[in-house]
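Participant: Handing you a structure now.
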Amino acid sequence: MLKQDIHKSWQLFKIGLSIFVVGVLLLFTLSELHITLHYLSLLILFVGFAIAMLGYWGIFIQRFSFIKNKKPPHKF
């Protein structure tokens, strides 16, 4: 997971962000109808957040390893 492809991480981040937005929309629109819908929308929101953070973690690790492996410029 830590050596994941950057494109897969971005895809996972976008999917998680989309699920998160759906959870927020459900929370604002349906949570007033029934308490079960309130908790269901919160569950969808947190699942989307977790998936998005997994994708973001892969992006962060890839960029951090790029900075760590970057060689300093030659001195003249």
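The values are calculated or read from the model by the stated rules, or taken from the named source; none is laboratory data. Computed from a predicted structure; not experimentally measured. Reconstructed Cβ throughout: ideal geometry from the backbone, glycine too, with neighbour counts over all protein chains shown. SASA here: full protein model, heavy atoms, side chains in, ligands and nucleic acids out. Shrake-Rupley method; radii C 1.70, N 1.55, O 1.52, S 1.80 Å.
Participant: How about region 50-65: which of its residues are touching an Asp or Glu at 6+ places or on another chain (Cβ under 9 Å) and β-branched (Val, Ile, Thr)?
Facilitator: Of everything in region 50-65, nothing turns out to be touching an Asp or Glu at 6+ places or on another chain (Cβ under 9 Å) and β-branched (Val, Ile, Thr).
Participant: What residue, among those in region 14-47 that are among the aliphatic types (A, V, I, L, M) and farther than 30 Å from Ile59 by Cβ, is most open to solvent (accessible area, probe 1.4 Å)?
Facilitator: Of region 14-47, the ones among the aliphatic types (A, V, I, L, M) are 15, 17, 19, 21-22, 24-27, 30, 33, 35, 37, 40, 42-45, 47.
Still in the running and farther than 30 Å from Ile59 by Cβ: 30, 33, 35, 37.
Details: Leu30: 60, Leu33: 125, Ile35: 100, Leu37: 59 Å².
Restricting to residues being among the aliphatic types (A, V, I, L, M) and farther than 30 Å from Ile59 by Cβ, the top hit is Leu33.
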